[in-house]
Every structure is written in C-alpha cells, then in structure tokens.
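One structure is given below, encoded as structure tokens.
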Amino acid sequence: MTDSSAPHPWLNALKVYTHPRVVGMLFLGFSAGLPLLLVLGTLSFWLSEAGIARATIGHLSWVGLAYGFKFLWSPLVDRLPLPPLTRVLGRRRAWLLLSQVCIAVALFGMANTDPATNLMHTVYFALTVAFASATQDIALDAYRIEAVEVEKQGAMAATYQAGYRIAMITAGAGALWIAASVDTSPATYDFHPWQVAYTAMAALMVVGILTTLTIREPEKKISAATSDRELHAREKFAHLGLSDGPLNAVAWFYDAVLSPFIDFIQRYKWQAVLMLALIALYRISDVVMGVMSNPFYQEMGFTKDEVATVSKVFGVIMTIAGAGLGGLLTLRLGVMRTLFLGALLSAATNLLFVWLAGRGHDMGALVFTVSADNLSAGIASSAFVAYLSGLVNQAYSATQYALFTSVMLLLPKFIAGFSGEFVDAYGWATFFTGTALIGVPVLLLVWLVARQAGKR
C-alpha cells in the first residue's frame, strides 16, 4: 500500500534546486558570465564608437583566446596554494576570490582608461580581465565538481547557466543601456558614459565576491589509488639523487601536470579513447550550426531588433528552462539517458531551421525555432556538464575539466570554419540537414559509452 501523502517523485526531485550549493551556483554563474562580453562584444561597441579602426577591433578580439588556453595554467589552480588566502578560505575559494577581485580591479581600470587617447592601457586591462576570468572559470569548475555528488551536477549546471545568461544580458544590453542613459550627446563620442557603465559592471563583481566568502570550501575526496601512485612516483624520483629543491620541483610537475593524463588513461584504459571521441563530438551539431545562424537570419529578412528580441527574450528563457529541465532529468533518469536525449534533441531541432528556411520572414516560425533550439541546448548542456564532472578525479578537478572542455571545442570549431563555404555551395536547407546528420554518430557514441560504463 502506497502513502498518498508522500510527495510525487518529480516534485521531490525539484528540491535539489533548494540545496544551498546549487543556489550558490546561480550567483557564481553570474560572476563567471559578467566579464565575457565586457572584453568582447560590449568592448567592440565602445571601441567602434571611439573611432578605433575595424581591423584593430578585430585583432583585439584575440583577448578572448585566454579562455581557450586556460588549460595551460589549470595545474597551478589545482595544486598551488595562495598563502594566506588558502589557509583562511581553502584552495578553491582562495583562487575564486583572487580572480574575482582581479576582475573587478581590471574592469575599474578599463572604466578609467579612454581607448580614444590611450588604447594600449585599455588593452592591458582587457587582457587582465580575460586572464582573471578564465582563471575564475577553472576554479569554479573545480569547486562545482567537488561540491556535490554526480547526481546533483545537472542541477548545479542548470543554476550556473541561469546565472551566466543573466550576467551576459547585464554585461551586454545592460551596459549599453547604462551608457545610453548617461550620454548627453549621442551624436558624438563621449568617454564619460562608458566610464559609468564599466564602473557599474566592476561593482557588480561584488555578487561573486560575497558568494565566495559565504559558501563553504568543498570536501575534496582523493582516492587511495591516486595517493599511492603519486607516493610511488615520488619514491622513484628520490633514487635519482636530486637535492631537495629539484626533487620537489620534479615531483610537483609529475603530480600537477602529468598525473591528470596518466590517471585518466589508467582508470578507463582503451575506453578513454571512446570517451574522448564523445567529448569531442557531443556539441558538434550546435557549434557548427551556430556560426551561420545570424547570417541565416539576416538573409531571411529578419532585422537586428527582431533577432535580438527573440534571442534575448525567448532564447534566454528557453535556455534557462532547458537547463533546469536537464538538471531534473539527470537526477531522475540518470546522466547517460539524459545525455542521449540531449544529443537527439540537439540534432533534431536543427531540422527546424530547414523548415524556417522554407517559411522565410515569419516571426512566429522564428520564435518557435529559436525556442526549441535553445530548450534542447539547455538540456544537452546540463547533461554534458554532469557527464564530464563524473569523469573527473577530484585530485585533478581543475586540470582534467579544463582539458575536457578544450577537447569539446577543438574539432567543432575547426569544422565550423568551413560552414560558410558549405552554405555557398549547397544552400541553407542542405547545410542545416547536414548539421543534424553529423549529430547521429553522437547517439551511437553515447550508447557505446553507456554500455561500457554498465560493464565497468
């Protein structure tokens, strides 16, 4: 006999979003999303208004490469203490606080440097923001992985994405709105409105700083096998006859830089190849299609205002809803089933763009297509983050996760570079059909990885 007063399993699962660390990720996600546009899209608008040449603006977009190469210094975030911060806050919170303070200071520096008169100072501060922001991402990913068990990783990813999206709206439309409201002479360039806007953005970093000071340091769980392997390696190095200084340096390099690779291969053996293939291909449909989405909208006759309204309103709402649903499905159905569903929906919704290409300038069709595409992307992202988090050894959280995310983007970004030529040769309908079809092997990979996981 069942208890009729017992809560429904799905309603009970929703309680995961009241978990303190899951709630905290909303504010940490805001802190992570705020700097991105301030050194890319919003900064480009400011530089253009300041009369900086388009070629120079294009070159300055390379500051964003800091996010792509963050794996290079992720071992430092994993293993290097920051006395006295580490002693007071713990390793993850110490790196989070340092990076957040650096972002706030560098944004304030940008706010007080006019690119029209001293462009290089603006560039230096923008580089500092990008580097500190990428470092924050490394520490934040490590914190998220260590803070809760795998079943809650989907929910952590959902609240993180919600905060991240809100921050991007704030740093994009919000910063432009602040600058416009202060500008008394829209027809001519004035530094003061941008100074106010970027000062406000620097002040908003207090959201992340206060959250970091409020949350608890996660309990890091290092397996006996990991500890034994590192101890055995250190004993081998001791036989080389090195003095204490070089011996400690060699041992640290092995533990921080080489061990993350060795650990992953030893734990999964030949299955590591299968997993890396899945990581490299999982988001390929969305990434390849996404590069051509805005040119497609423009050719279909949609105005910038129409696209912005649909993507900023319906797109953001549906992405947040999809991320929340993905976190719930991960908790109820498991990571691999939700991962399969996300891959299926991501590929299938690309076919809606074939339908939209046939409809032309149809706002209703645009709203439906963008909403469905963003909903599926939200589900897939939550499941994928939960999957990657489950692969990581907590002894190397920052380094392994940074490597996984680099693998995730490498092949899709490379293939996406040829998307324009493909459209020119075969047309929009064939392009979108192709982006859906390249998602089919991902379904096979998810099934194979799930099958091997079951055997393990």
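None of the figures in this text is laboratory data; all of them are computed from the coordinates on show. Remember, predicted model here, so these are calculated numbers, not experimental data. A quick note on method: Cβ atoms are made from the backbone with ideal geometry, for glycine too, and the neighbour counts reach across all protein chains shown.
Things to note:
- Listed values for the stretch 68-85 are Karplus-derived 3J(HN,Hα) couplings in whole Hz (6.51 cos²θ - 1.76 cosθ + 1.60, θ = phi - 60°), namely x, 10, 5, 5, 5, 10, 4, x, 5, 5, 5, 10, 8, x, 10, x, x, 4, and x replaces Gly and Pro.
- Taking a point 7 Å out from the Cα of Ala187 in the direction of its Cβ, the residues of the stretch 45-61 whose backbone N falls within less than 19 Å of it are 49-51.
- A simple packing score, the average count of other Cβ atoms within 10 Å per residue, orders the peptides 122-135, 435-448 as 122-135, 435-448, with the highest score first.
- Extension gain for the segment Ala203 to His232, taken as residue separation times 0.36 nm less the Cα-Cα distance, is 5.6 nm to one decimal.
- Share of alpha-carbon pairs per 10 Å distance bin for the stretch 42-90, given as whole %: 21, 27, 21, 22, 10
- Positive dipole terminus of the chain, leading residue within Gly68, Val385, Thr113 (C-beta point charges): Val385
- Net charge of the neighbourhood of His192, taken over other residues with C-beta under 14 Å away and scored Lys/Arg +1, Asp/Glu -1, is -4.
- Förster radius 25 Å - calculated FRET efficiency between Met363 and Thr433, Cβ distance, rounded to 0.05: 0.60
- Ranked list, fewest to most other Cβ atoms within 10 Å of each Cβ, for Lys413, Lys269, Lys152: Lys269, Lys413, Lys152
- Farthest towards the positive end of the charge dipole of the stretch 14-214, among the residues Leu204, Leu43, Thr86, is the Cα of Thr86, using unit charges on the Cβ of Lys, Arg, Asp and Glu.
- Calculated P(r) tail over 31 Å for the stretch 259-455, as whole % of Cα pairs: 21
- Each Cα pair under 8 Å and six or more residues apart adds its separation to the average, and for the stretch 14-214 the resulting relative contact order is 41 percent.
- Fewest-first ordering of Met25, Met292, Met205 by other beta carbons within 10 Å of each residue's beta carbon gives Met292, Met205, Met25.
- Proximal charge balance of Ser419 [Cβ under 13 Å; K/R count +1, D/E count -1]: -2
- Given +1 at the Cβ of Lys and Arg, -1 at the Cβ of Asp and Glu and no other charges, the dipole of the chain around its Cα centre is 1280 debye to the nearest 20.
- The relative contact order of the stretch 152-221, computed from alpha carbon pairs under 8 Å that lie at least 6 residues apart in sequence, is 22 percent.
- Each Cα pair under 8 Å and six or more residues apart adds its sequence gap; the mean of these over the residue count of the stretch 259-455 is a relative contact order of 40 percent.
- Under the Karplus curve 6.51 cos²θ - 1.76 cosθ + 1.60, θ = phi - 60°, whole-Hz ³J(HN,Hα) for the stretch 341-358, x wherever Gly or Pro sits: 4, x, 5, 5, 5, 4, 6, 5, 5, 5, 5, 5, 6, 5, 4, 5, 4, x
- Fraction of alpha-carbon pairs over 28 Å apart in the chain - percent: 56
- Note on Leu76 and Glu149: the extension gain reaches 23.9 nm, defined as 0.36 nm multiplied by sequence separation minus the Cα-Cα distance.
- Ordering Trp73, Trp194, Trp177 by the number of other Cβ atoms within 10 Å of each residue's own Cβ, fewest first, gives Trp177, Trp73, Trp194.
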